[in-house]
Amino acid sequence: MRRRPIKGQDQQRFGDDPLAVRDTDHYKAEYVTGFVEKWDELIDWKRRYASEGRFFIEQLKARGVREVLDVATGTGFHSVRLLEEGFDTVSADGSPEMLAKAFANGLAYGGHILRVVHADWRWLNRSVHGTYDAIICLGNSFTHLFSERDRRKALAEFYAMLKHDGVLIIDQRNYDALLDGKYGNKHTYYYCGEEVSAEPEHVDEGLARFVYRFPDASEYHLNMFPLRRDYMRRLMREVGFQRIDTYGDFQETHHADEPDFYIHIAEKAYHREGRADGYSAAVRTARDYYNSTDADTFYHRVWGGTDIHIGLYDSPDDDIAEASRRTVERMAAKPGLTAGSHVLDLGSGYGGAARHLARAFGCRVTCLNLSEVENERNRALTRDAGLDHLIEVVDGSFEDIPADDAAFDVVWSQDALLHSGDRTRVLEEVARVLRSGGAFVFTDPMAADGAPAEALRPILARLHLDTLGTPGFYDREAARVGLTKAGFDDLGEHLPVHYARVLAETERRRDELGAEISAEYLAHMTTGLRNWVAGGESGALTWGILHYRK
């Protein structure tokens, strides 16, 4: 039963069927004066200030930002905060009521005179002039755009108003959790008012309708479009943003069903040549790990320093290096390699696969890998094998492949894509650099389709990742970028066997390894290996050879 509005409360109008209201421009009728007057109760400036800390300030200062356009000013919380920190700030919003409240709040909180502009994002350049070092769009505001056309138009306007090296910071509610039935708003980071509730009352793929209840028994509603995280990232890339880092409740690493909010930090600058400062957060984490002395020593010693991926086992006691080589040989039979082929090996490690392909087929191989330490070992082993005329080793990330379009006949990867925080971007890059008719052959430790989140949690925590790919994910995203499925060898039964074999070898040689590898690293590695074994045996994890054609 719908509550009767309290006396003096101005009413929102959604018509006879509120669920049918899926129009971008309706937000103007939703932010009625009464709702705007109560908005600060929902936000609770002091609690929000404490929960947010200096996250946005430090992100902006780290990039040398001076001029900021706050395009979703609301009641002014972030505009005031930016002014206090010395940023030259312009405050824009599509709601005149919000701007009026923001202006009043600027005076009340420190005597700041906000430079306010009434503007519609879709025609932002018409109302706001100049270019900025940064644009912020916070408070789950982008969700008010209901059509993809409007979303693309707004992002294009943001892009155009940024300087050549500008940054866009945009946040959104974790609608993935909401749509997937995992909603658990902690009410901690964003909507901090203790006496106010913000709860979903209807959710489908095209509408998230929230009800906001206040201590005086008043309630208001907002109709919003439920933006999925990866969809939002893809839109920003397609508009032109080059590097996008996504944080969950201000943390780089998070589990997909945990954050209340996602914060996307999208850079306009185009990084090339695999520069470390162009790496995403997930890739930087992996790079630092594989560059460590402990990791290099462990993988070189336990896996033999040639192949560092999952093997194919005839028995649980098989030699790790032999089992790993079987994987390479089985994969190599799929793409139709010849001496004229040019192969790109993504996440090439120590180059074992590249040397096998060059030796067996006479083809050229470009090894792209994020670890400079591994790459130096690869180069030395390749020179010793007399194959350096066929193999080139490049420092870089598979999220931004430093190669021209249609440069390769085959893209190859073994157990590396899991380290990306943006596998969709990796597949887009693969499709870009593949020639027509080319093959993409890879393996990746994956979550089984439909695997329970709880079973994946210890593995994700160990890897500092929020998700793993799944066979279904790779099929969907490969099809979207124009790749056709040629086959999937489901070899998931080998995953727990492999990690159990590595675990047994680690424990057998613990004293020997302990002389060169820290006790802390070995303890973490042992725990991680056990988690992989448990995940594989439970069916939560899978693995195999995926093969696509362009």
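Remarks
Let's see how each residue does on (1) in contact with a Cys (Cβ under 8 Å, 6 or more places away or on another chain); (2) charged (D, E, K, R); (3) open to solvent by 20 Å² or more (accessible area, probe 1.4 Å):
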| position | (1), (2), (3) |
| --- | --- |
| D475 | no, yes, yes |
| G482 | no, no, yes |
| G492 | no, no, no |
| V497 | no, no, yes |
| V502 | no, no, no |
| E507 | no, yes, yes |
| D511 | no, yes, yes |
| S518 | no, no, yes |
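- Residue, modelled with the highest pLDDT, within segment 251-270, restricted to residues that are under 20 Å from M236 (Cα atoms) and open to solvent by 30 Å² or more (accessible area, probe 1.4 Å): K268
- Residue that is part of a helix (DSSP H, G or I) and closer than 17 Å to T443 by Cα, where the choices are L368, L427: L427
- Among the conditions (1) within 27 Å of G472 (Cα to Cα); (2) in contact with a strand residue (DSSP E or B) (Cβ under 7 Å, 6 or more places away or on another chain), T382 misses just one, which is (1).
- Selection status of R48, exposed (fewer than 14 other Cβ atoms within 10 Å of the Cβ) and at pLDDT below 90: no
To keep it simple, each residue is scored yes or no on (1) open to solvent by 20 Å² or more (accessible area, probe 1.4 Å); (2) touching a helix residue (DSSP H, G or I) at 6+ places or on another chain (Cβ under 8 Å); (3) more than 17 Å from L434 (Cα to Cα); (4) without any contact (Cβ under 8 Å) to a residue 60 or more places away in the chain.
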residue	(1), (2), (3), (4)
R301	yes, yes, yes, no
V328	no, yes, yes, no
P335	no, no, no, no
H342	yes, no, no, no
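- Entry remark, segment 106-124: residues being farther than 18 Å from V32 by Cβ and more than 29 Å from the chain's Cα centre (by Cα) number 13 in total.
- Complete set of residues in segment 13-34 that are in contact (Cβ under 8 Å) with a residue 40 or more places away in the chain, within 19 Å of L207 (Cβ to Cβ) and assigned to a helix (DSSP H, G or I): P18, L19, T24, H26, Y27, K28, E30
- One residue stands out among those in segment 66-76 that are buried (at least 22 other Cβ atoms within 10 Å of the Cβ) and in contact (Cβ under 8 Å) with a residue 40 or more places away in the chain: the one that is farthest from A160 (Cα to Cα), which is G74.
- Within segment 482-510, tally of residues that are farther than 21 Å from A540 by Cβ and in contact (Cβ under 8 Å) with a residue 40 or more places away in the chain: 9
- Just so you know, in segment 518-544 the residues that are in a helix (DSSP H, G or I) and of a type in the set (A, V, I, L, M) include one that is farthest from P496 (Cα to Cα), and it is A519.
- Beta carbons closer than 7 Å, at least 6 apart along the sequence or on distinct chains, pair a first residue in segment 206-229 that is open to solvent by 10 Å² or more (accessible area, probe 1.4 Å) with a second that is hydroxyl-bearing (S, T, Y) for R213/S197; E219/Y212; F225/T143; R228/Y175; R229/T246; R229/Y262.
- The residues listed here are A380, A403; of these, the one that is out of contact with any Cys (no Cβ under 9 Å at 6 or more places or on another chain), closer than 14 Å to T306 by Cα and open to solvent by 10 Å² or more (accessible area, probe 1.4 Å) is A380.
- Scanning segment 374-405 for residues that are of a type in the set (A, V, I, L, M), outside any loop (DSSP other than H, G, I, E, B) and free of Cβ contacts under 8 Å to residues at least 60 places away in the same chain turns up A380, I391, V393.
Okay, residues lined up against (1) aliphatic (A, V, I, L, M); (2) within 22 Å of the chain's Cα centre (by Cα):
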site: V410; (1), (2): yes, no
site: H419; (1), (2): no, yes
site: P445; (1), (2): no, yes
site: L468; (1), (2): yes, yes
site: R476; (1), (2): no, yes
site: V481; (1), (2): yes, yes
site: D490; (1), (2): no, no
site: H494; (1), (2): no, no
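Per-residue answers, yes or no, for (1) over 20 Å from P259 (Cβ atoms); (2) modelled with pLDDT under 90; (3) open to solvent by less than 30 Å² (accessible area, probe 1.4 Å):
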{"residue": "W412", "(1), (2), (3)": "yes, no, yes"}
{"residue": "V426", "(1), (2), (3)": "yes, no, yes"}
{"residue": "V430", "(1), (2), (3)": "yes, no, yes"}
{"residue": "A439", "(1), (2), (3)": "yes, no, yes"}
{"residue": "A447", "(1), (2), (3)": "no, no, yes"}
{"residue": "L456", "(1), (2), (3)": "no, yes, yes"}
{"residue": "H464", "(1), (2), (3)": "no, yes, no"}
{"residue": "P471", "(1), (2), (3)": "yes, no, yes"}
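The values are calculated or read from the model by the stated rules, or taken from the named source; none is laboratory data. In this text, all values refer to a predicted model and were calculated from it rather than measured experimentally. So basically every Cβ, Gly included, is an ideal-geometry build from the backbone, and we count neighbours across all protein chains shown. Only protein heavy atoms, including side chains, enter the accessible area calculation; ligands, DNA and RNA are left aside. Shrake-Rupley method; radii C 1.70, N 1.55, O 1.52, S 1.80 Å.
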